[in-house]
Amino acid sequence: MASVPKANELIAGTDHKPPKTGWMDTPVEFRPGTWCYSGKSKNLEVVGLPNPREWSPIDDDWKLPENWKEIIFEGLRERIHKYRSFQLFMDICVRCGACADKCHFFIGSGDPKNMPVLRAELLRSVYRKDFTLAGKILGKMAGARELTEDVVKEWFFYFFQCTECRRCSVFCPYGIDTAEITIIGRELLNLLGLNIDWITAPVANCYMTGNHLGIQPHAFKDMIEFFVEEIEEVTGVKIEPTFNRKGAEILFITPSGDVFADPGTYTLMGYLMLFHEIGLDYTWSTYASEGGNFGLFTSHEMMKRLNSKMYAEAKRLGVKWILGGECGHMWRVINQYMDTMNGPADFLEEPVSPITGTKFENAKSTKMVHLVEFTADLIKHGKLKLDKSRNDHLKVTFHDSCNPARAMGFFEEPRYVLNNVCNHFYDMPPNTIREQTFCCGSGSGLNTDEYMEMRMRGGLPRANAVKHVHEQHGVNMLSCICAIDRAVLPPLMNYWVPGVDVTGVHELVGNALVMEGEHERTTDLRGEPLEGMEDSDNEDL
Amino acid sequence: MGIKFSLLAVLALVLVAFLGVEAIGMNYLFGVLVPYLAFFLFLTGFIYRILKWARAPVPFRIPTTSGQQKSFSWVKQNKLDNPSTKLATVGRMALEVLLFRSLFKNTKMEFRQGPKISYQWEKWLWLAGLAFHYSFFIIVVRHLRFFMEPVPGFVHLTESLDGFLQLGLPGLYITDLLFLAAVTYLFIRRVVIPQMRYISLPADYFPLFLLFGLGVTGVLMRYFTKVDIVKVKELAMGLATLHPTVPEGIGVLFFIHLFLVSTLMAYFPFSKLMHLGGVFLSPTRNLPNDSRIRRHINPWNYPVKVHTYEEYEDDFREKMIEAGLPVEKE
Ligand code: HEM
Ligand code: SF4
Ligand code: SF4
């Protein structure tokens, strides 16, 4: 892991002035902390990605295939014809600059090529050279340039410095979404075997074992059963989840990060407690044991390959519909792609809450419901007994994850739940939440350790807003509905805003949920004493 | 460099028209042939570009959701920023096209050491953009009086609204001022803001100079050197009715103006100015966010290789049985 300068030093040298040399003449510099390790051949081989080999971005020779130029041109041509979005976004940018200072990576790094408009120009310039009349004739004057290995290296650097968060597209007068351009850019890079280990390893694992971490079926079950014991310790209630059970009414799928790493695991405990308390007839699956989809960060095709397990498993188990846990990009895939790619899900039924009878009209076709919607509906109908005061030791704010925000519009549901499970909730300033939310800085597969400096830079605007409510209202808990967030926000907070912890929404639900037959709770799910219980003896718990 | 190149290009255009008319007397070329050719290029180029975009499929439904989604009846949906119906999507598009709604959301980031980041009010680009586009539009409408006989009522109305200040003779049009001011602002902004300058290409300066040249020659003709309007109308009507004539003695300034317009028309379809047509086709704006409600069809959806449950069970059957997990084949 590259060492990261201290917080105050990191941005001391950061200003947003562009360099003297024009961007086409400014080469990239692969400094430690600003790039991710390359994808390992064994993982590429598992899923059949092209050009598996050992290489590193800091090598001079990237061992590109012989005919790499041809591959890129063919790849470009194909995608221009397949995606109107891509073709249009290549053509109509007026370089008005409205998107420029909207990108967290530009704000945190000051690197002009992290302005969305320039990020797009990196690819656009090559497109112009070979696909437009003006570019062919006028060359550089028309903003066109030759495709060279250096250009490919630049693409690699900057398309893996975009988290596909879509913030830029909110502000663009034509809706140009640089995330779309990055997605296609990464697809093109993948054709040459240029990818990063932090994405290809989860992809390979997910393909073979069903989840990113490569947790095998028996271990998956074990891990969840471990949390069953934890829950019993805190609440005295014994829960019995089921796995791969045919005939269950509902299949539940969540990111495997929740099963594996703190603080996501507390969120997982929240899920288990909720389902138990309302007596939900549901099952886990070890085959479709991943909600997340790093295929989205590889190619449209890979996304489809990985996502296919959700419907396939729902069909095999004969459930009525699918419930999805707290995850960001998982929900982008479900909302924007799943039904189109792998539907129609005509073997499922239109989702109806078995507890409240509510029809989820907005999920009529995909037949997949977001857990936070589901819970909001339970609360609205008074089906949950909630003791908000059990979260009184927390002053909570909410981080809108990019994908549910800008690829779905999921704003009120989590806030409604939060306001019903805790007494102290404070939103961050309006320019930094909802559709204008700032990325955690580590999304789209960039949540790796060797990339820590960029992550801290990219996460700065988010952290800056948290700091604001931390100072104003004493906020000490940052809630979110995304597994990547739960993994990456803790180090970000540690770095920029020490004293703020990170939680999933359903951890707070779990804290507040009054369960039948529970003993008096003295701690929250983390084993931290509840307000007023600091002195109680929890040794024997 | 891009600035100089673009400026020189526009000056060269002016010079070409000037010499062509003044020195060689090619009035017919500049008064008839070039405008026809330019108009032809504009029309065919424009249609070609639109068709080309329209032919590309929209495989996925990817609207940028800038507000609350459709949810329960008790959650208020933001229909204009996150439409789920066709009608609301039309509303969203109308606001984009007529009011530049997304640009209106613009802010300016302030970065101070500490670090402390804040986001400031910044509506100037939006304002100048609106001023520029609307004055351009109104000027175009006003020009219709040259091409139509009798002049339609809405053109008269536009003229009188635009000239409501009733200053000077001939009456000053607000849009003339606004247009030049807005173009000047857009240019200055590009040059003065370091990031803007860094991203700007010749293709960004060129239209601005061209438009500025157009505006200046127009203003000169109207308020200062006074061309013979009757003859200009004769020429314009000739063009419009396909009986072109070039009356004597119109003055070279007019030919320069006309040549710049011709350049703009011919250049339009091959440049970023096509955002005019493109904005209507943008998939992040012109689609409802309803892909959980109605299945969106991808015309080129194809089967992919997947790792099936059966293969998975084959990989792990022993372990699954041992852990008490149900299996298909014992
Ligand atoms: C419909 C929605 C439209 C939007 C949101 C829009 C927005 C913009 C913006 C933001 C600019 C950039 C200004 C700059 O350079 O910084 C621009 C430039 C321009 N637009 Fe539009 N526009 C629209 C439609 C049109 C239409 C209908 C025309 C018709 C002629 C047009 C003609 C131009 C021209 C000539 C420029 C050049 C100025 C320049 O290059 O900067 N636009 N537009
Ligand atoms: S806001 Fe849109 S049009 Fe303006 S520079 Fe950015 S991508 Fe281009
Ligand atoms: S999608 Fe997000 S990370 Fe990528 S360029 Fe836009 S604002 Fe930056």
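Please report the projected area of the stretch B:1-147's Cα convex hull averaged over all directions, in nm². Show your work: numbers first, answer last.
Working: hull surface 66.2 nm².
That works out to 16.6 nm², a quarter of the Cα hull's surface.
Of the listed pairs B:Lys52/B:Lys231; A:Lys113/A:Lys467; A:Lys246/A:Lys364; A:Lys153/B:Lys105, which have alpha-carbon separations greater than 29 Å here?
Details: B:Lys52/B:Lys231 40 Å; A:Lys113/A:Lys467 27 Å; A:Lys246/A:Lys364 23 Å; A:Lys153/B:Lys105 34 Å.
Those over the limit are B:Lys52/B:Lys231; A:Lys153/B:Lys105.
Averaged across B:42-53, how many Cβ atoms of other chains sit within 10 Å of each residue's Cβ atom?
Numbers: counts 0, 0, 0, 1, 0, 0, 0, 2, 0, 0, 6, 5.
For peptide B:42-53, the averaged partner shielding equals 1.
Other chains near A:107-119: what is the mean number of their Cβ atoms within 10 Å of each residue's Cβ?
Averaged over the peptide's residues, the number is 2.
Kindly state, to the nearest 0.05, the FRET efficiency for A:Phe73 paired with B:Leu98, given R0 = 35 Å and r defined as their beta-carbon distance.
Efficiency, from the Cβ-Cβ distance: 0.35.
At 1.4 Å probe size, with the rest of the protein present, what percent of the exposed accessible area of chain B is carbon and sulfur atoms?
Percent of accessible area from carbon and sulfur atoms in chain B: 72.
Would you mind computing, in nm to one decimal, how far apart the modelled labels at B:Lys319 and B:Tyr223 are, each placed 7 Å from Cα along Cα→Cβ?
Reported label-point gap for B:Lys319 and B:Tyr223 is 8.1 nm.
Within straight cross-link reach of A:Lys383, meaning Cα distance under 19 Å, which lysines are found once same-chain residues fewer than 8 apart are removed?
Hits, sequence-local ones excluded: A:Lys359.
No partner Cβ under 4.7 angstrom, meaning no disulfide-compatible partner by this rule: which Cys of chain A qualify?
Lacking a cysteine Cβ partner under 4.7 Å: A:Cys36, A:Cys93, A:Cys96, A:Cys103, A:Cys162, A:Cys172, A:Cys206, A:Cys327, A:Cys422, A:Cys440, A:Cys480, A:Cys482.
7 Å from Cα along Cα→Cβ at both A:Ala219 and A:Asp197: what's the point-to-point distance in nm?
Simple spin-label model gives 1.8 nm for this pair.
Check the straight Cα-Cα distances from B:Lys319 and name the lysines below 16 Å, setting aside those fewer than 8 residues away within the same chain.
Once the sequence-local lysines are set aside, what remains near B:Lys319 is A:Lys221, B:Lys329.
Need one number: % antiparallel among DSSP beta bridges in chain A, to the nearest 5. Walk me through the numbers on the way to the answer.
On the way: 4 of 23 bridges.
Expressed as a percentage, antiparallel bridges in chain A total about 15.
Can you give the FRET efficiency for A:Arg31 and A:Lys63, using 1/(1 + (r/R0)^6), R0 = 30 Å, r = Cβ-Cβ distance, to the nearest 0.05?
0.85
What's the magnitude of the charge dipole for the stretch A:432-515 around its Cα centre, counting Lys and Arg as +1 and Asp and Glu as -1 at the beta-carbon? Answer in Debye, nearest 20.
It comes to approximately 160 debye.
For the protein assembly as shown, report the translational diffusion coefficient in µm²/s to the nearest whole number, using Stokes-Einstein at 10 °C, 1.306 mPa s, and a Kirkwood Rh over Cα pairs.
54 µm²/s
Report the B-A buried area as the accessible area lost on both sides summed, probe 1.4 Å, in Å² to the nearest 100.
Counting both chains, the buried surface is close to 9200 Å².
In chain A, which whole DSSP H runs stretch at least 24 Å along their own axis (Cα) and average -1.0 or higher on the Kyte-Doolittle scale?
A:217-235
Jot down the per residue volume, in cubic angstrom and as a whole number, of the convex hull over the alpha-carbon atoms of the stretch A:23-195.
Values: hull volume 20.6 nm³, N = 173.
Convex hull volume per residue, Cα atoms: 119 Å³.
How far is helix B:252-267 tilted off the main Cα axis of chain B, in degrees rounded to 10, range 0 to 90?
That works out to roughly 20 degrees.
Order these peptides, A:52-61, A:337-346, by their mean beta-carbon neighbour count within 10 angstrom, highest first. Kindly include the intermediate steps, with their values, before the conclusion.
Working: A:52-61: 11.9, A:337-346: 21.1.
Per-residue mean Cβ counts within 10 Å order the peptides as A:337-346, A:52-61.
Taking 0.36 nm per residue of separation and subtracting the Cα-Cα distance, what length does fully extending B:Leu51 through B:Lys4 add? Display every interim value, and only then the final one.
Working: separation 47, 0.36 × 47 = 16.92 nm, distance 3.45 nm.
Contour length minus Cα-Cα distance gives 13.5 nm.
Going highest first, how would you order B:78-86, B:241-249, B:20-28 by mean Cβ packing within 10 Å?
Values: B:78-86: 19.8, B:241-249: 11.2, B:20-28: 14.6.
The packing order, highest mean first, is B:78-86, B:20-28, B:241-249.
What's the Cα-based Rg to Rh of the stretch B:228-330, Rh via Kirkwood?
Reported Rg/Rh, Kirkwood definition of Rh: 1.56.
How many times 2.2 N^0.38 Å is the alpha carbon radius of gyration of the stretch A:204-512?
Scaled against compact globular proteins, the figure is 0.93.
Run the quick spin-label model on B:Thr44 and B:Leu177: label points 7 Å from Cα toward the beta carbon, then report their separation in nm to one decimal.
Computed distance between label sites B:Thr44 and B:Leu177 equals 4.3 nm.
Test of understanding: what is the full-extension gain from A:Arg53 to A:Met24, defined as 0.36 nm times their sequence separation minus their Cα-Cα distance?
Details: separation 29, 0.36 × 29 = 10.44 nm, distance 2.93 nm.
Gain on stretching A:Arg53 to A:Met24: 7.5 nm.
Hey, with R₀ at 56 Å, roughly what FRET efficiency would A:Lys246 and A:Asp15 work out to, going by the Cβ-Cβ distance, to 0.05?
It comes out at approximately 0.40.
The values are calculated or read from the model by the stated rules, or taken from the named source; none is laboratory data. Predicted model only: the values in this text are computed from it and were never measured. Note that each Cβ is placed from the backbone with ideal geometry, even for glycine, and that neighbours are counted across all protein chains shown. Calculation scope for accessible area: heavy atoms of the full protein, side chains included, ligands and nucleic acids excluded. Shrake-Rupley method; radii C 1.70, N 1.55, O 1.52, S 1.80 Å.
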